[in-house]
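All remarks here apply to the structure that follows.
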């Protein structure tokens, strides 16, 4: 049903397998041979029984030997085929994952803002896993069950046409039952997943917030709620488990009924002499396998449906067009002096909400620029535009008098180095993380950078020094130490324009001083943009740009701005030390109105 | 095998109704296995007594018997499946809610040591593992002995001369299964680990997308990813290929055995037909032998499949039991003193506090050492110090999130350990730095501690916490839904909601544990102004990182490495404490310059 709504997904999934023509052809050939050989067995056994029942044991040894020989042959053929199918499946899913990852590298931040992280992670893990299941089991089943069914059909038809119809009769009926049951199970599982998702979400929330639950005396209500959600999940779960476990008895029933039909019709015809007793033995053998094949094929239907659903979600990402791309006539930029110009820039993360209004400022090479203003005033947005994480709506940004849109995107970002508020490191070695700053950075350069960032000493003290791998709990670096590593990484990248986004806000005083020293060294001779909450950080800036609600209110050095009458900066500066009694009114609204302007998720959205 | 012991131990603790279910299911299983074994018997009867005896009535009778047995099998198997599903899901529900009930009695120290994420694993995936294993054991595992006995007995009676073939087939099956199956678990585990490592690269690239893009290292990340992806390919292929061996090998084995049976028994069967010897193997018996061969392989498969699951079951049960057996660190006194509403005078008397280790013993290095300090009722007191100096620990002792190792914390002269939880909860409220918000409306979140709070009270608390602005800007105002764990709120918004919640419960002692770290300076100042009015006459303890937060307090407690370095007003400390001056200078810049700015606002 889903396949109809999204016509492209199923053939596209198959494409990953069909692409490997040679291997697929090889596997199918072997499967056909294996299935043919295997379907000969009931026939041979039946013929042997026929002769024995006629009192003739002359060929018993021959029959026995042929049966054994065919058994081993079909085993070998099938194993080779299954092995190829396994490789086929793994290669297909490997390719899909690589494509997905490569795609995600090209997508711009707009995409990441829009997607919830949980949803994205689900697409990467569970959806690709569904597709993996499809490749590794469903495809093998389609091919191998298909081959077995076809070759059994051929042999049965050779033996006796009427009996073939008797055996096959059960297939459409039981397949119908399996598909209906399968759908019920799917529906059950979905409602169970939903309920258990709700339950687990709630449990996660209250266990993580357990202090609050206890502190406000809400344990009893919370426990009652857990119990209720758990009870609802139990009801859905019971039905899902029951129906899943019913599949097997129903399958047995189909086989047994098929055997009973063969017994009834085949038996009567054998008594009347239309067929031999050996034929009945053969057909009983086929009947016992045939019902099972129907079950296998019905499972394939279910698996295919969920793979198509999962595949569609994966393909949705693969089909996205990145909205920030290198323009076709982009020119390289080997290095920059660091002259930055914002010419009347307007911008909004969504068309509905403009965040920057007519931002116009000009920065000379090597200048130290402070960006200040209340939360949500647009400080980080300016940085996002400069590094082309987003493109401006109107106006122009120039680096060294060249519109940044005409500069090769990789080069542009290479010219800019960023240190963020929350240090982000990869779970790789420290060396990897520092060398990350620039392709081709040598170990010596990284160690030099670590020294300049005051990180060398603590790195040396770690058990494996620079080779220490930063994984989860193994190495507990403090927030400050992590920040020093990201500074070392920025030093390695040798940027011409440096961006520090609240780089020292989450560490204590002593660490902050070390970080500040390291940053000062990094900023020397480079154009630097520094975003700060604590105004002391940007006190020495050549220029401070004061933003409010996306508009530039003031630009000037600390002293110049402090000297302004009714200056907004001076007001902010004093607020740090004083009660805000004198600064109510309009400004209060200002902060409120702009708080939501940051690209953060908001309630009720 | 210890998994089975664990299974029965859990069963022995189950309510009587579940034990009854289990027994009923066992009876059902015996019937189920019997019906399954009946079908080949009927096939044999069809051939030998029907077709070969040319008896059409017998043929028809056999066919209808087959249908009856087949239906009986379905009904009984369905019944067993239902009982197993009911018992397994009841077990899951009982353990899940029982565990959570237990968790609500645990103190912060217990939860720290068990770890929140670990507790969640026990409540979710462990419960799931137990349920799955229970289901499989109850439905499948107990079929195994009966299938084995039935198949062996029937072959021994009907075709005793072929029994050895069956024995060989079973032996070879066991060898094959043992050679493959036990290696699968570890191989799958490796594959899962590799897959997790791969997903880590994915997650990291999502979480650190700015860094990846800033430094332009797409090529490097792609290489890292495709290397790991190929590791996953290898790791997943290995068990897949071994699994691919199963079916072909077992089928080959089965038909090889059939071939041997034809060779060995063939002459005897033919002789019997000719001589009419009643003891000879009949043709139909030869053909049912094939069925019993298949049946004899099943118990081996079942055991191989279910035993590892039972192993996981046992491990999960152990982890649940561990929680059930945890003794809460902080317990309510049996006969608490009831002084009525507290006034908010707090004394830390010779307080030493060390967190506990895994075994519940105090760690050798206390976090607070011999702290003696008094807070008068109605005072606003700031606690300042470097990271790790013990600020949060100190305030956590007041609501008894933790208990002291030595000394005592007294409120209004009463040791907090003699007060009821109810009393502490009513009079002490904490707004934590890692602010928590729950799914539900803003009203629900703010009125969390006072379920009967009026809309006016909620709005007033929100106003004090400076949360009214962004809440009222939402389409549905206070009725707007907050997402699970407050995920749709920014850090600063969550902090303000959490502060509003603390204020709404009108405590005598309000503890703010760096609650405004994520809001900007101007907002923080407004919050403080509103709090000064709201909390006038009541006690406020204020843990602060920013010196600007601390300097407005009546009194500042300066902590240094677990001891009280100094206590006094901003001006006192500026004058006499080097540590305080260091902090002040680094945060504010040159003191000479700010000195003038500060004076006018001193009361």
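With the requirement that a residue be more than 8 Å from chain B (Cβ to nearest Cβ) and closer than 14 Å to residue A:165 by Cα, what does segment A:253-268 give you?
Looking only at segment A:253-268, we keep the residues that are more than 8 Å from chain B (Cβ to nearest Cβ), and these are A:254-255, A:258, A:262, A:265-266.
Scanning segment A:253-268 gives A:258, A:262, A:265, A:266.
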Next item on the list: Could you check residue B:389 against (1) surrounded by fewer than 19 Cβ atoms within 10 Å (Cβ to Cβ); (2) within 13 Å of another protein chain (Cβ to nearest Cβ); (3) over 19 Å from residue B:107 (Cα atoms) and say which number it fails?
Entry: (1)
Checklist line | In segment B:95-120, the residues that are closer than 27 Å to residue B:308 by Cα and in contact (Cβ under 8 Å) with a residue 24 or more places away in the chain | finding: B:95, B:96, B:98, B:99, B:114, B:119
Next item on the list: Name the single residue, out of those in segment B:502-529 being in a helix (DSSP H, G or I) and within 23 Å of residue B:346 (Cβ to Cβ), that is nearest to the other protein chains (Cβ to nearest Cβ).
Entry: B:528
Item checked: segment B:103-122, residues that are under 14 Å from the mean Cα position of the chain (by Cα) and in a helix (DSSP H, G or I) -> B:103, B:111, B:114, B:116, B:117, B:118, B:119, B:120, B:121, B:122
Checklist line | From A:122, A:92, residue being within 30 Å of residue B:487 (Cβ to Cβ) and more than 9 Å from every other protein chain (Cβ to nearest Cβ) | finding: A:122
Next item on the list: Taking residue A:217 as meeting all but one of (1) assigned to a helix (DSSP H, G or I); (2) without any contact (Cβ under 8 Å) to a residue 12 or more places away in the chain, write down the number of the exception.
Entry: (1)
Checklist line | Restricting segment B:223-253 to residues that are more than 8 Å from every other protein chain (Cβ to nearest Cβ), over 34 Å from the mean Cα position of the chain (by Cα) and closer than 23 Å to residue A:31 by Cα, the residue that is surrounded by the most Cβ atoms within 10 Å (Cβ to Cβ) | finding: B:250
Checklist line | Residue in segment B:19-34 that is under 26 Å from residue A:255 (Cβ atoms), crowded, with 21+ Cβ neighbours inside 10 Å and free of Cβ contacts under 8 Å to residues at least 60 places away in the same chain present | finding: yes
Checklist line | Residue that is farthest from residue B:211 (Cα to Cα), among those in segment A:418-438 that are in a loop (DSSP other than H, G, I, E, B) and more than 7 Å from chain B (Cβ to nearest Cβ) | finding: A:428
Next item on the list: Considering every residue within segment A:451-471, establish whether at least one is crowded, with 16+ Cβ neighbours inside 10 Å, within 29 Å of the chain's Cα centre (by Cα), within 14 Å of another protein chain (Cβ to nearest Cβ) and part of a helix (DSSP H, G or I).
Entry: no
Notebook entry, point to check: Only one of (1) more than 25 Å from residue B:199 (Cβ to Cβ); (2) modelled with pLDDT of 80 or more; (3) in contact with a strand residue (DSSP E or B) (Cβ under 7 Å, 6 or more places away or on another chain) is not met by residue A:468, so which one is it?
Noted result: (1)
Notebook entry, point to check: Limited to segment B:481-506, what total is found for residues that are more than 30 Å from the chain's Cα centre (by Cα), at negative phi and surrounded by fewer than 24 Cβ atoms within 10 Å (Cβ to Cβ)?
Noted result: 1
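Filter segment B:488-501 for residues that are touching a helix residue (DSSP H, G or I) at 6+ places or on another chain (Cβ under 9 Å) and either part of a loop (DSSP other than H, G, I, E, B) or closer than 20 Å to residue A:216 by Cβ (or both) and give the result.
As a first pass, look at segment B:488-501 and keep what is touching a helix residue (DSSP H, G or I) at 6+ places or on another chain (Cβ under 9 Å): B:489-490, B:492-494, B:496-501.
Residues satisfying the conditions are B:489, B:490, B:493, B:494, B:496, B:497, B:498, B:499, B:500, B:501.
Quick one: in segment A:48-76, which of the residues that are assigned to a loop (DSSP other than H, G, I, E, B) and at negative phi is surrounded by the fewest Cβ atoms within 10 Å (Cβ to Cβ)? Full working, then the answer.
In the first step, residues of segment A:48-76 are kept if they are assigned to a loop (DSSP other than H, G, I, E, B); the result is A:54-59.
If we keep only those that are at negative phi as well, we get A:54, A:56-59.
Values: A:54: 15, A:56: 14, A:57: 22, A:58: 10, A:59: 16.
This residue is A:58.
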Check: Just a yes or no: is a residue in segment A:87-102 over 21 Å from residue A:311 (Cβ atoms) and part of a helix (DSSP H, G or I)?
Finding: no
Margin query: All but one of (1) modelled with pLDDT under 85; (2) on the phi > 0 side of the Ramachandran plot hold for residue A:350; state the number of the condition that does not hold.
Written below: (2)
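Determine which member of the set B:260, B:211 is facing chain A (nearest Cβ under 7 Å) and under 20 Å from residue A:69 (Cα atoms). Lay out the reasoning, then the answer.
Numbers: B:211 fails: under 20 Å from residue A:69 (Cα atoms).
Going through B:260, B:211 in turn, the sole match is B:260.
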Notebook entry, point to check: For residue B:533, which of the numbered conditions (1) within 30 Å of residue B:386 (Cα to Cα); (2) buried (at least 20 other Cβ atoms within 10 Å of the Cβ); (3) more than 33 Å from the chain's Cα centre (by Cα) fails to hold?
Noted result: (2)
Check: Among A:284, A:250, which is out of contact with any strand residue (DSSP E or B) (no Cβ under 7 Å at 6 or more places or on another chain), within 9 Å of chain B (Cβ to nearest Cβ) and buried (at least 23 other Cβ atoms within 10 Å of the Cβ)?
Finding: A:284
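For every residue, the table says whether it meets (1) more than 10 Å from chain A (Cβ to nearest Cβ); (2) free of Cβ contacts under 8 Å to residues at least 40 places away in the same chain; (3) out of contact with any helix residue (DSSP H, G or I) (no Cβ under 8 Å at 6 or more places or on another chain).
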{"residue": "B:286", "(1), (2), (3)": "no, no, no"}
{"residue": "B:301", "(1), (2), (3)": "yes, no, no"}
{"residue": "B:319", "(1), (2), (3)": "yes, no, no"}
{"residue": "B:326", "(1), (2), (3)": "yes, no, no"}
{"residue": "B:340", "(1), (2), (3)": "yes, yes, yes"}
{"residue": "B:361", "(1), (2), (3)": "yes, yes, yes"}
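Name the single residue that is nearest to residue A:79 (Cα to Cα) among those in segment A:156-167 being crowded, with 18+ Cβ neighbours inside 10 Å and in contact (Cβ under 8 Å) with a residue 40 or more places away in the chain.
Taking segment A:156-167 and keeping what is crowded, with 18+ Cβ neighbours inside 10 Å, we get A:156, A:159-160, A:163-164, A:166-167.
Now narrow it down to the ones that are in contact (Cβ under 8 Å) with a residue 40 or more places away in the chain: A:156, A:159-160, A:163, A:166-167.
Working: A:156: 25, A:159: 28, A:160: 31, A:163: 31, A:166: 31, A:167: 28 Å.
The qualifying residue nearest to residue A:79 (Cα to Cα) is A:156.
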Notebook entry, point to check: Any idea how many residues of segment A:338-371 are under 23 Å from residue A:533 (Cα atoms), in a strand (DSSP E or B) and out of contact with any strand residue (DSSP E or B) (no Cβ under 9 Å at 6 or more places or on another chain)?
Noted result: 0
Check: Taking the condition in contact with a helix residue (DSSP H, G or I) (Cβ under 8 Å, 6 or more places away or on another chain) and closer than 30 Å to residue A:529 by Cβ, does residue A:329 pass?
Finding: yes
Notebook entry, point to check: When you scan segment A:182-211, how many residues do you find that are farther than 11 Å from residue B:485 by Cβ and surrounded by fewer than 18 Cβ atoms within 10 Å (Cβ to Cβ)?
Noted result: 10
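Could you tell me whether residue A:263 is under 27 Å from residue B:44 (Cα atoms), assigned to a helix (DSSP H, G or I) and more than 35 Å from the chain's Cα centre (by Cα)?
yes
Listed residues B:124, B:116, B:159, B:137; which is modelled with pLDDT under 90 and crowded, with 19+ Cβ neighbours inside 10 Å?
Numbers: B:124 fails: crowded, with 19+ Cβ neighbours inside 10 Å; B:116 fails: crowded, with 19+ Cβ neighbours inside 10 Å; B:137 fails: modelled with pLDDT under 90.
Criteria check complete, one pass: B:159.
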Margin query: Among the residues that make up segment B:396-405, is at least one of them modelled with pLDDT of 90 or more, surrounded by 19 or more Cβ atoms within 10 Å (Cβ to Cβ) and in a strand (DSSP E or B)?
Written below: no
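The values are calculated or read from the model by the stated rules, or taken from the named source; none is laboratory data. Note that this is a predicted model, so its numbers are computed, not measured. For neighbour counting, all protein chains shown are included, and Cβ atoms are generated from backbone atoms with ideal geometry for every residue, glycine included.
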